[in-house]
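A.B. asks: First the structure, then my questions, so here it is.
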Amino acid sequence: MKNKIRIVWQGILPSNPVLVLLLGMCATLGTTSSATNGLMMGLSTAGVLVCSNSVISMIKSLVPDKVRIPVFIVVIATFVTMLQMAVSAWLPALNASLGIFIPLIVVNCILLGRAEAFASRNSVVDSALDGLGCGIGFTLALTILGAVRELLGTGSLFGFALYPEDYGMLLFVLAPGAFIALGYVIALTNVLLRRLCKGNN
(Lines give C-alpha, C1' and ligand atoms only; values in the text may rest on other atoms or scores of the structure.)
Protein backbone atom coordinates (compact mmCIF):
# COMPACT_ATOMS: atom_id res chain seq x y z
CA MET A 1 0.00 0.00 0.00
CA LYS A 2 2.82 2.40 0.88
CA ASN A 3 4.43 1.68 -2.48
CA LYS A 4 1.17 2.57 -4.29
CA ILE A 5 0.90 5.86 -2.39
CA ARG A 6 4.56 6.64 -3.16
CA ILE A 7 3.97 6.08 -6.89
CA VAL A 8 1.11 8.60 -6.89
CA TRP A 9 2.96 11.09 -4.67
CA GLN A 10 6.06 11.05 -6.91
CA GLY A 11 4.10 12.54 -9.81
CA ILE A 12 2.33 15.14 -7.68
CA LEU A 13 5.37 16.92 -6.25
CA PRO A 14 8.84 15.28 -6.12
CA SER A 15 8.74 14.51 -9.87
CA ASN A 16 6.05 16.98 -10.94
CA PRO A 17 6.16 16.96 -14.76
CA VAL A 18 5.89 20.76 -15.07
CA LEU A 19 7.38 22.28 -11.92
CA VAL A 20 10.29 19.86 -11.45
CA LEU A 21 10.94 18.03 -14.74
CA LEU A 22 9.88 20.98 -16.95
CA LEU A 23 7.98 18.79 -19.44
CA GLY A 24 4.92 19.72 -21.47
CA MET A 25 5.83 23.39 -21.68
CA CYS A 26 3.77 24.00 -24.84
CA ALA A 27 0.46 23.12 -23.15
CA THR A 28 1.57 24.70 -19.88
CA LEU A 29 2.28 28.11 -21.36
CA GLY A 30 -0.37 28.04 -24.06
CA THR A 31 -3.47 27.07 -22.06
CA THR A 32 -2.97 28.78 -18.70
CA SER A 33 -4.42 32.20 -19.48
CA SER A 34 -7.07 31.35 -16.88
CA ALA A 35 -7.46 28.95 -13.96
CA THR A 36 -10.41 27.22 -15.65
CA ASN A 37 -8.46 26.55 -18.85
CA GLY A 38 -5.53 25.21 -16.83
CA LEU A 39 -7.77 22.94 -14.80
CA MET A 40 -9.61 21.56 -17.83
CA MET A 41 -6.40 20.96 -19.80
CA GLY A 42 -4.85 19.25 -16.78
CA LEU A 43 -7.85 16.97 -16.25
CA SER A 44 -7.97 16.10 -19.95
CA THR A 45 -4.30 15.15 -19.96
CA ALA A 46 -4.67 13.23 -16.69
CA GLY A 47 -7.48 11.12 -18.15
CA VAL A 48 -5.43 10.27 -21.22
CA LEU A 49 -2.40 9.49 -19.03
CA VAL A 50 -4.26 6.99 -16.85
CA CYS A 51 -5.93 5.25 -19.81
CA SER A 52 -2.87 5.10 -22.07
CA ASN A 53 -0.56 3.95 -19.25
CA SER A 54 -3.00 1.16 -18.37
CA VAL A 55 -3.37 -0.09 -21.94
CA ILE A 56 0.36 0.15 -22.68
CA SER A 57 1.09 -1.88 -19.56
CA MET A 58 -1.43 -4.51 -20.69
CA ILE A 59 0.08 -4.92 -24.16
CA LYS A 60 3.78 -4.42 -23.32
CA SER A 61 4.64 -8.11 -23.69
CA LEU A 62 2.94 -8.27 -27.11
CA VAL A 63 4.78 -5.31 -28.67
CA PRO A 64 8.17 -5.93 -30.35
CA ASP A 65 10.93 -3.54 -29.29
CA LYS A 66 11.42 -2.23 -32.85
CA VAL A 67 7.88 -0.79 -33.03
CA ARG A 68 7.46 0.05 -29.36
CA ILE A 69 7.36 3.86 -29.73
CA PRO A 70 4.97 3.95 -32.74
CA VAL A 71 2.59 1.59 -30.93
CA PHE A 72 2.68 3.77 -27.80
CA ILE A 73 1.90 6.86 -29.89
CA VAL A 74 -1.04 5.09 -31.57
CA VAL A 75 -2.46 4.13 -28.15
CA ILE A 76 -2.10 7.70 -26.88
CA ALA A 77 -3.56 9.14 -30.09
CA THR A 78 -6.58 6.83 -29.80
CA PHE A 79 -7.47 8.15 -26.35
CA VAL A 80 -6.82 11.76 -27.37
CA THR A 81 -9.14 11.34 -30.37
CA MET A 82 -11.85 9.91 -28.11
CA LEU A 83 -11.35 12.82 -25.71
CA GLN A 84 -11.51 15.40 -28.51
CA MET A 85 -14.73 13.91 -29.89
CA ALA A 86 -16.31 13.86 -26.41
CA VAL A 87 -15.29 17.45 -25.65
CA SER A 88 -16.46 18.63 -29.07
CA ALA A 89 -19.86 16.96 -28.58
CA TRP A 90 -20.59 17.74 -24.94
CA LEU A 91 -18.39 20.74 -24.05
CA PRO A 92 -18.25 23.00 -27.14
CA ALA A 93 -17.25 26.06 -25.07
CA LEU A 94 -14.24 24.21 -23.67
CA ASN A 95 -13.40 22.91 -27.14
CA ALA A 96 -13.43 26.48 -28.48
CA SER A 97 -11.33 27.71 -25.55
CA LEU A 98 -8.59 25.06 -25.66
CA GLY A 99 -8.72 24.69 -29.45
CA ILE A 100 -5.67 23.02 -30.97
CA PHE A 101 -4.19 22.13 -27.59
CA ILE A 102 -6.49 19.12 -27.09
CA PRO A 103 -5.22 17.21 -30.16
CA LEU A 104 -1.69 18.34 -29.27
CA ILE A 105 -1.90 16.16 -26.13
CA VAL A 106 -0.70 13.39 -28.47
CA VAL A 107 2.74 14.97 -28.74
CA ASN A 108 2.98 15.97 -25.09
CA CYS A 109 6.27 14.40 -24.01
CA ILE A 110 4.84 13.64 -20.54
CA LEU A 111 2.62 10.90 -21.96
CA LEU A 112 5.22 9.20 -24.10
CA GLY A 113 7.79 9.62 -21.33
CA ARG A 114 5.63 7.87 -18.74
CA ALA A 115 4.68 5.17 -21.26
CA GLU A 116 8.33 4.43 -22.02
CA ALA A 117 9.82 4.91 -18.55
CA PHE A 118 7.09 3.34 -16.41
CA ALA A 119 4.08 1.73 -18.10
CA SER A 120 6.18 -0.49 -20.38
CA ARG A 121 7.98 -1.97 -17.36
CA ASN A 122 5.37 -2.21 -14.60
CA SER A 123 2.01 -3.75 -13.76
CA VAL A 124 -1.32 -2.32 -14.94
CA VAL A 125 -2.30 -1.06 -11.49
CA ASP A 126 1.05 0.61 -10.85
CA SER A 127 1.00 2.15 -14.34
CA ALA A 128 -2.50 3.53 -13.79
CA LEU A 129 -1.40 4.98 -10.44
CA ASP A 130 1.67 6.51 -12.07
CA GLY A 131 -0.55 8.13 -14.69
CA LEU A 132 -2.89 9.35 -11.96
CA GLY A 133 -0.04 10.89 -9.94
CA CYS A 134 1.52 12.62 -12.97
CA GLY A 135 -1.94 13.73 -14.09
CA ILE A 136 -2.74 15.25 -10.70
CA GLY A 137 0.66 16.95 -10.63
CA PHE A 138 0.16 18.32 -14.15
CA THR A 139 -3.36 19.52 -13.30
CA LEU A 140 -2.19 21.24 -10.11
CA ALA A 141 0.66 22.98 -11.94
CA LEU A 142 -1.56 24.24 -14.76
CA THR A 143 -4.34 25.33 -12.40
CA ILE A 144 -1.96 27.22 -10.10
CA LEU A 145 -0.22 28.90 -13.03
CA GLY A 146 -3.55 29.76 -14.65
CA ALA A 147 -4.88 31.14 -11.35
CA VAL A 148 -1.81 33.36 -10.88
CA ARG A 149 -2.00 34.71 -14.44
CA GLU A 150 -5.76 35.26 -14.30
CA LEU A 151 -5.63 36.97 -10.91
CA LEU A 152 -2.75 39.29 -11.80
CA GLY A 153 -3.86 39.88 -15.38
CA THR A 154 -7.61 40.36 -15.12
CA GLY A 155 -8.35 40.59 -11.39
CA SER A 156 -10.53 37.47 -11.42
CA LEU A 157 -10.26 33.85 -10.33
CA PHE A 158 -12.19 31.05 -12.06
CA GLY A 159 -14.21 33.82 -13.74
CA PHE A 160 -15.20 35.57 -10.50
CA ALA A 161 -14.02 39.19 -10.34
CA LEU A 162 -11.99 39.97 -7.21
CA TYR A 163 -10.96 43.50 -8.16
CA PRO A 164 -11.58 45.79 -11.18
CA GLU A 165 -9.98 44.56 -14.39
CA ASP A 166 -8.53 48.06 -14.96
CA TYR A 167 -6.05 47.34 -12.16
CA GLY A 168 -4.87 44.09 -13.74
CA MET A 169 -1.50 43.77 -15.46
CA LEU A 170 -1.93 42.95 -19.15
CA LEU A 171 1.55 41.42 -19.18
CA PHE A 172 0.31 38.31 -17.33
CA VAL A 173 -2.42 37.65 -19.90
CA LEU A 174 0.16 37.67 -22.69
CA ALA A 175 2.84 35.06 -23.48
CA PRO A 176 5.73 36.81 -21.63
CA GLY A 177 3.64 36.82 -18.46
CA ALA A 178 3.33 33.03 -18.68
CA PHE A 179 7.12 32.67 -18.52
CA ILE A 180 7.41 35.11 -15.61
CA ALA A 181 4.61 33.47 -13.61
CA LEU A 182 5.98 29.99 -14.32
CA GLY A 183 9.43 31.05 -13.10
CA TYR A 184 8.05 32.25 -9.77
CA VAL A 185 5.87 29.15 -9.30
CA ILE A 186 8.89 26.89 -10.01
CA ALA A 187 10.98 28.91 -7.51
CA LEU A 188 8.32 28.48 -4.82
CA THR A 189 8.13 24.75 -5.61
CA ASN A 190 11.91 24.42 -5.17
CA VAL A 191 11.71 26.16 -1.79
CA LEU A 192 8.90 23.81 -0.73
CA LEU A 193 10.81 20.72 -1.86
CA ARG A 194 13.94 21.80 0.02
CA ARG A 195 11.96 22.30 3.21
CA LEU A 196 10.31 18.90 2.78
CA CYS A 197 13.73 17.28 2.27
CA LYS A 198 15.09 18.97 5.41
CA GLY A 199 12.01 17.86 7.34
CA ASN A 200 12.52 14.25 6.27
CA ASN A 201 16.19 14.39 7.31
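A.B. asks: At 1.4 Å probe size, with every protein chain present, just tell me what the per residue accessible area of the chain comes to in Å². Write out the running numbers ahead of the final one.
C.D. replies: Working: 10580 Å² over 201 residues.
Averaged over the residues of the chain, the accessible area is 53 Å².
A.B. asks: Kindly state, to the nearest 0.05, the FRET efficiency for residue 175 paired with residue 15, given R0 = 30 Å and r defined as their beta-carbon distance. If you can, show how the numbers build up before the last one.
C.D. replies: Values: r = 27 Å, r/R0 = 0.89.
E between residue 175 and residue 15, to the nearest 0.05, is 0.65.
A.B. asks: Oh, and also: Angle between the Cα long axis of helix 175-200 and the longest principal axis of the chain, 0 to 90 degrees, nearest 10?
C.D. replies: Once rounded, one gets 60 degrees.
A.B. asks: If the chain between residue 88 and residue 4 were fully stretched, how many nm would it gain, using 0.36 nm times the residue separation less the Cα-Cα distance? Could the numbers behind the result be given before it?
C.D. replies: Values: separation 84, 0.36 × 84 = 30.24 nm, distance 3.44 nm.
The span from residue 88 to residue 4 would gain 26.8 nm if fully extended.
A.B. asks: Still on this structure, I have one more. With an 8 Å Cα cut-off and a minimum separation of 6 or more residues, compute the relative contact order for the chain in percent.
C.D. replies: Relative contact order here is 36 percent.
A.B. asks: When the Karplus curve 6.51 cos²θ - 1.76 cosθ + 1.60 is applied with θ = phi - 60°, which whole-Hz ³J(HN,Hα) does each residue of segment 72-77 get, with x for Gly and Pro?
C.D. replies: Result, rounded to whole Hz: 4, 5, 5, 4, 4, 4.
A.B. asks: Another question about this same structure. For the Cα atoms of the chain, what angle does the longest principal axis make with the long axis of helix 124-154, in degrees from 0 to 90, nearest 10?
C.D. replies: The answer is roughly 10 degrees.
A.B. asks: Taking only the Cα atoms of segment 104-201, how large is their convex hull per residue, in Å³? It would help to have the intermediate numbers written out before the result.
C.D. replies: Numbers: hull volume 14.7 nm³, N = 98.
Convex hull of Cα atoms, per residue: 150 Å³.
A.B. asks: Amide H of residue 157 versus every other amide H placed in the peptide plane: which residues, excluding those fewer than 5 positions away on the same chain, fall under 5 Å?
C.D. replies: For residue 157, the qualifying residues are 162.
A.B. asks: Carbon-plus-sulfur fraction of the accessible area of the chain, 1.4 Å probe, in percent? Provide the component values of the computation, followed by the final result.
C.D. replies: Working: 7550 of 10580 Å².
Exposed carbon and sulfur together represent 71 percent of the surface.
A.B. asks: I'd like the Kirkwood hydrodynamic radius of segment 1-107, using the inverse of the mean 1/r over distinct C-alpha pairs, in Å. Spell out each step's value before the answer.
C.D. replies: Numbers: mean 1/r = 0.0657 Å⁻¹.
About 15.2 Å for segment 1-107.
A.B. asks: Do any trypsin sites (Lys or Arg not before Pro) in segment 92-201 lie in a DSSP loop with no more than 16 other beta carbon atoms within 10 Å, and if so, which?
C.D. replies: Passing both the DSSP loop test and the Cβ count: 121.
A.B. asks: Considering Cα pairs under 8 angstrom that are at least six residues apart, work out the relative contact order of segment 1-119 and quote it in whole percent.
C.D. replies: Numbers: 80 pairs, mean separation 37.9, N = 119.
About 32 percent, as a whole number.
A.B. asks: Multiply the residue gap between residue 167 and residue 67 by 0.36 nm, knock off their C-alpha separation, and tell me the result in nm, one decimal place. Walk me through the intermediate numbers first.
C.D. replies: Working: separation 100, 0.36 × 100 = 36.00 nm, distance 5.43 nm.
Full extension from residue 167 to residue 67 adds 30.6 nm.
A.B. asks: Which log10 I(q)/I(0) values, to two decimals, does segment 162-201 give at q = 0.20, 0.31 Å⁻¹ under the Debye formula with one point per Cα?
C.D. replies: Once normalised to I(0) and log-transformed, intensities are -0.68, -0.93.
A.B. asks: Could you state the number of Å between the C-alpha centres of segment 162-201 and segment 128-146?
C.D. replies: Spelled out, the Cα-based centre of one part sits 16 Å from the other.
A.B. asks: For helix 2-12, what angle does its Cα long axis make with the longest principal axis of the chain, in degrees from 0 to 90 and rounded to 10?
C.D. replies: Relative to the chain, helix 2-12 is tipped by roughly 40 degrees.
The values are calculated or read from the model by the stated rules, or taken from the named source; none is laboratory data. From a predicted model like this one, the values you see are computed outputs, not experimental measurements. Every residue, glycine as well, gets a Cβ built from its backbone with ideal geometry; the counts of neighbours run over all protein chains shown. Please note that ligands, DNA and RNA were not included when accessible areas were found on the heavy atoms of the full protein model with its side chains. Shrake-Rupley method; radii C 1.70, N 1.55, O 1.52, S 1.80 Å.
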